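Peer 1: Sharing a structure with you now.
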Amino acid sequence: MALIVQKYGGTSVGNTDRIKNVAARVAKYRAQGDQIVVVVSAMSGVTDNLIKLAKEIMPLPSEREMDVLLATGEQTTIALTAIALHSLGLQAVSLTGAQAGILTDGVHTKAKIQNITPKQVHKLLDEGNVVIVAGFQGETPEGQITTLGRGGSDLTAIALAAALKADLCQIYTDVDGVYTADPRIVPALASSGAKVMQSRSVEFAKKFGVVFEVRSSLNDNPGTIVKEETANMEDVVIRGVSLDKNQAKVTLVGVHDRPGVAARIFKALGDATVNVDMIVQNVSHGTGTPATDISFTVDKPDLLKARKVIDGLTGEVGFGEIIAKEKIGKLSIVGVGMKSHSGVAAKMFESLAKEGVNIDMISTSEIKISVVIDLDKGESAMKAVHAAFLG
Ligand code: ADP
Ligand code: ASP
Ligand code: MG
C-alpha cells in the first residue's frame with residue numbers, strides 16, 4: 001500500500017465534469033489499495049476573477065483581506081471534490097490548509113510555510129478516507145488565513161508529500177509533462193524545462209528530495225519524472241527556455257550616486273515584501289551631484305505597491321522620475337554548466353539579435369541566463385532561442 005499525494009490544477013477541476021473525472025482517477029488508485037491525499041487548486045479563472053473583483057473596488061486592497069478572499073477559491077474545490085468522491089461511494093473528507101496543519105509566516109499573499117503538522121491528515125487516512133486538502137493556503141500561528149503566492153498549490157502538494165513522507169507525488173495538469181518550453185508557444189517538444197510549476201515548489205522539492213511526476217489529468221500518457229540532475233556536471237546542458245510575462249520594470253532616473261542609496265531603496269522594498277528580481281545600475285552621469293539610473297523588475301501585481309514605496313522615498317533618495325513599464329517579458333534559458341561556457345550567453349544574444357529583439361536587462365547565474373525584452377517580441381524571441389539551443 002502506497003501513500004500518494006495527487007495535485008490537480010485549475011483546468012483539471014475547471015467544471016463539475018472535470019471534478020468527476022478527478023474523482024474517477026482517485027477511485028482507480030484507491031481500488032488498488034493506495035492511500036490518497038488530493039490537493040486541489042481553485043477552478044480555472046476563479047482566482048483571477050476574485051482579484052479582479054477586489055481591484056474594481058480599490059487598486060491596492062489590504063493583503064490580509066485578499067488572502068481571506070482568495071482562499072475561498074480552493075475551499076470551493078475541496079468540497080466539490082469530496083462530494084464527487086462520495087457520489088462514487090468513496091469515503092472522503094475535505095480539509096482547509098489550516099485544518100491540514102499547514103502553518104505559515106504572516107506575509108500575506110506570499111506566505112512561506114514554516115511547518116506542517118499533518119496529524120489530522122494521518123488520522124483521516126487511517127480511518128479509510130481520501131483526504132482532500134485545499135492548495136495555496138495556510139494559517140499563521142495566530143490563526144490568520146494566508147496564501148502562498150500564485151501557483152502555490154504546487155507548493156502545498158510538494159510540501160505535504162515531504163511532511164507525510166509520501167511514496168509518490170503526482171502533479172496533474174493540462175499538458176502531458178514538462179517540456180523544454182511552454183508547448184502553447186513552441187509546440188511538439190520533449191524533455192525537461194520550466195514554468196509549468198511554481199518555481200518555489202521546485203526549489204522545495206530539491207531541498208527535501210521530493211521526486212515528483214508531472215502528467216495530464218486528461219489522458220493516461222506517462223508524464224515527466226522530475227528529480228535531481230546527476231549527469232556529467234561539467235557539460236553544459238540547456239534544459240529549457242521559459243518566458244515570464246508576469247514582471248514589470250521600474251526605472252528610477254537620476255538617483256543620487258552615493259553610498260547607501262541602493263541599500264535604502266531595496267531595504268524599503270524588502271520591508272514592504274516586494275520581491276525584486278533583476279537589478280541594473282548605470283554608470284554615473286551628469287555634472288554637479290553625481291546621479292545614476294537604477295532599473296529593477298518586480299512581480300506585476302506588486303508594481304503599484306513598489307511605486308508607493310518609492311514615492312515615499314522621494315525626499316531621501318532624490319531621483320528625477322520613476323518610469324514603470326509593464327509590457328516586458330523575462331526570457332530565460334535554464335540548464336547546468338553555464339558559468340564555464342561563456343559561448344552560451346553569446347549564442348543566446350546572437351539568436352535574439354537575428355530576430356531583431358532588443359535586450360533591456362541581463363542577469364546570469366550558474367544555472368540560468370535571463371534577459372528582459374519587449375513583451376510584444378516575447379514569443380518570437382522564445383522560439384528563436386529555443387531553435388538555437390534545442391531546435
Ligand atoms: P495548473 O492549473 O494545472 O497548475 P498551469 O497553467 O499552472 O496549470 O501550468 C500548466 C501550463 O503550463 C500548461 O498548460 C502550459 O501551457 C504551461 N507551460 C509553461 N511552460 C511549460 C513547460 N516547459 N512544459 C509544460 N508546460 C508548460
Ligand atoms: N489558485 C491559485 C492561483 O491561481 C493557486 C494555484 O492554482 O496553484 O494562483
Ligand atoms: Mg499552476
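Peer 1: For segment 1-76, what are Rg and Dmax over the alpha carbons, in angstrom?
Peer 2: Answer for segment 1-76, Rg first and Dmax second: 15.9, 51 Å.
Peer 1: From the phi of every residue in segment 254-269, what ³J(HN,Hα) in whole Hz does the Karplus formula 6.51 cos²θ - 1.76 cosθ + 1.60 yield, where θ is phi - 60° and glycine or proline is x?
Peer 2: x, 6, 4, 9, 9, x, x, 5, 4, 4, 4, 4, 7, 5, 4, 5
Peer 1: On alpha-carbon atoms, Rg over Rh for segment 58-120 using Kirkwood Rh?
Peer 2: Radius of gyration relative to Kirkwood radius: 1.08.
Peer 1: So, in nm, how far is label Lys327 from label Met58 when the simple model puts each one 7 Å beyond its Cα toward the Cβ?
Peer 2: Here the modelled spin labels are 3.1 nm apart.
Peer 1: Now, a different point. Anyone know which of Asn221, Asn246, Asn282 comes out most mobile in the 10 Å Cα GNM of the chain?
Peer 2: Asn282
Peer 1: Sticking with this one: Compare Ile51, Ile116, Ile78 in a GNM of the chain, Cα atoms joined below 10 Å, and give the one with the largest fluctuation.
Peer 2: Between Ile51, Ile116, Ile78, it is Ile51 that shows the largest mean-square fluctuation.
Peer 1: Which value in Å does the Kirkwood hydrodynamic radius of segment 21-173 take, with 1/r averaged over all unlike C-alpha pairs and then inverted?
Peer 2: After inverting the pairwise mean of 1/r, the radius is 15.7 Å.
Peer 1: Taking Rh as the Kirkwood radius, which is the inverse of the mean 1/r over Cα pairs, what is the Rg/Rh value for segment 17-58?
Peer 2: That ratio equals 1.26.
Peer 1: So, one more: Can you give the Kirkwood hydrodynamic radius for segment 275-346, in Å, rounded to one decimal and based on Cα pairs?
Peer 2: Here the Kirkwood hydrodynamic radius works out to 15.2 Å.
Peer 1: Counting only heavy atoms of the protein chains, get the accessible area per residue of the chain (1.4 Å probe) and round it to a whole Å² value.
Peer 2: 47 Å²
Peer 1: Scale the Cα Rg of segment 134-179 by the rule-of-thumb value 2.2 N^0.38 Å and send over the ratio, two decimals.
Peer 2: 1.35
Peer 1: Same structure, new question: Pairs Lys165/Lys245; Lys28/Lys119; Lys347/Lys377: which are spaced more than 24 Å apart, C-alpha to C-alpha?
Peer 2: Lys165/Lys245; Lys28/Lys119
Peer 1: Still on this model: I'm a student and want to see the number: the projected area of the Cα convex hull of the chain, averaged over all directions, in nm².
Peer 2: 21.1 nm²
Peer 1: Under 5 Å between amide H atoms, partner at least 5 residues away or on a different chain: which partners does Gln6 have, H built in plane at 1.01 Å?
Peer 2: Long-range HN contacts for Gln6: Val37, Val38, Val39, Gln170.
Peer 1: Ok, one more. Quick check on segment 270-312: what are the equivalent-ellipsoid semi-axes from the Cα gyration tensor, as sqrt(5λ), descending, whole Å?
Peer 2: Taking √(5λ) for each eigenvalue gives 24, 12, 8 Å, largest first.
Peer 1: Sticking with this one: Restricting to Cα atoms and excluding each atom paired with itself, what does the Kirkwood estimate give for segment 109-215 in Å?
Peer 2: So the Kirkwood estimate lands at 15.1 Å.
Peer 1: Let me ask you something else. What longest range of the chain stays clear of loop-exposed GluC sites (Glu not before Pro) (DSSP non-H/G/I/E/B, at most 15 other C-beta within 10 angstrom)?
Peer 2: Longest gap between qualifying sites, sites excluded: 1-126.
Peer 1: Can I ask one more? In whole percent, how big is the carbon plus sulfur part of the accessible area of segment 318-363, probe 1.4 Å, protein atoms only?
Peer 2: Answer for segment 318-363: carbon and sulfur cover 51 percent of the accessible area.
Peer 1: What residues have an amide H closer than 5 Å to that of Val210, excluding those fewer than 5 places away on the same chain, when H is modeled at 1.01 Å from N in the peptide plane?
Peer 2: HN-HN under 5 Å from Val210: empty list.
Peer 1: Can you give the three extents of the C-alpha atoms in segment 99-138 along their principal axes, from longest to shortest, in whole Å?
Peer 2: If we take the Cα atoms of segment 99-138, the spans are 35, 15, 10 Å.
Peer 1: Suppose the Debye formula is applied to equal point scatterers at every Cα of segment 321-391; what is log10 I(q)/I(0) at q = 0.26 Å⁻¹?
Peer 2: These q points yield log10 I(q)/I(0) values of -1.23.
The values are calculated or read from the model by the stated rules, or taken from the named source; none is laboratory data. Predicted model, so just to flag it, every value in this text is computed and none were measured. Cβ sites come from the backbone with ideal geometry, for glycine too, and all protein chains shown count toward neighbours. Heavy atoms of the whole protein, side chains included, go into the accessibility calculation; ligands, DNA and RNA do not. Shrake-Rupley method; radii C 1.70, N 1.55, O 1.52, S 1.80 Å.
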